[in-house]
1. Where does helix 38-47 land angle-wise versus the long Cα axis of the chain, in degrees 0 to 90, nearest 10?
2. By the gyration tensor of its Cα atoms, with a ≥ b ≥ c the square roots of the eigenvalues, what is the shape of the stretch 1-84: rounded for a/c under 1.5, prolate for a/b over b/c, or oblate?
3. Looking at the chain, which longest stretch skips every one of the trypsin sites (Lys or Arg not before Pro) that is in a DSSP loop with at most 15 other Cβ atoms within 10 Å, leaving the sites themselves out?
4. Karplus couplings for the stretch 92-100 from phi (6.51 cos²θ - 1.76 cosθ + 1.60, θ = phi - 60°), rounded to Hz, Gly and Pro as x?
5. How much of Tyr48 can a 1.4 Å solvent probe reach, expressed as accessible area in Å² and rounded to 10?
6. Which percent of the accessible area of the stretch 1-118 is formed by carbon and sulfur heavy atoms (probe 1.4 angstrom)?
7. Ignoring everything except DSSP H segments at least 4 long, calculate the 222 nm mean residue ellipticity for the chain; use -39,500 (n - 2.57) per segment, divide by total residues, nearest 500.
8. Charges at C-beta only: +1 for Lys and Arg, -1 for Asp and Glu. How large is the resulting dipole of the stretch 32-96 about its Cα centre, in Debye rounded to 20?
Amino acid sequence: SVGRVLTFKLGGNAELPPTVPFDTSPIPPAPVSVEIPAKDRKRGALLYHEWCAVCHGLKAVSGGVVPDLRRATAETHASFADIVVGGTREAKGMPSFGDVLSADEARWIQAYVLQRVAEAQPKTQAKP
């Protein structure tokens, strides 16, 4: 199940909330594609690990506390820069990185995340 923090009160009798199972299903194929030069994809990987990995996990593999970006929907990808740079999900706990990242850099990060989606897909066996 997903990790959680519990606090206790002496003499308390509240019931624990139900656990939420950790999603172990295969990563679905990418809902979109972002074409950028290889050098920018490498920059995206570096930026991801500098600004995003602390919450969303190394190599874009979430530990379950925050969303696994490899499972992001087409709608999320359509507003990726608005989320990362514009702060449209601040109310949900996702801060704006507009003071340190540009829209282009957010696109590079997005391309890196999509690369990680592709790498998570099952490998097909070549027929002899």
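1. It is inclined by approximately 20 degrees.
2. On the way: a/c = 2.96, a/b = 2.23, b/c = 1.33.
Verdict is prolate for the stretch 1-84.
3. Working: sites that count: Arg4, Lys9, Lys123.
It works out to 10-122.
4. Rounded to whole hertz, the list is 9, x, 8, x, 7, 10, x, 7, 10.
5. Number for this one is 0 Å².
6. Details: 4600 of 7770 Å².
The nonpolar share, carbon plus sulfur, comes to 59 percent.
7. It lands at -8500 deg cm²/dmol.
8. Details: 9 positive and 7 negative charges, 51 e Å.
It works out to roughly 240 debye.
The values are calculated or read from the model by the stated rules, or taken from the named source; none is laboratory data. Worth saying up front: this structure is predicted, and the values here are computed from it rather than measured. Note that each Cβ is placed from the backbone with ideal geometry, even for glycine, and that neighbours are counted across all protein chains shown. Keep in mind that these areas ignore ligands, DNA and RNA; they rest on the heavy atoms of the full protein, side chains included. Shrake-Rupley method; radii C 1.70, N 1.55, O 1.52, S 1.80 Å.
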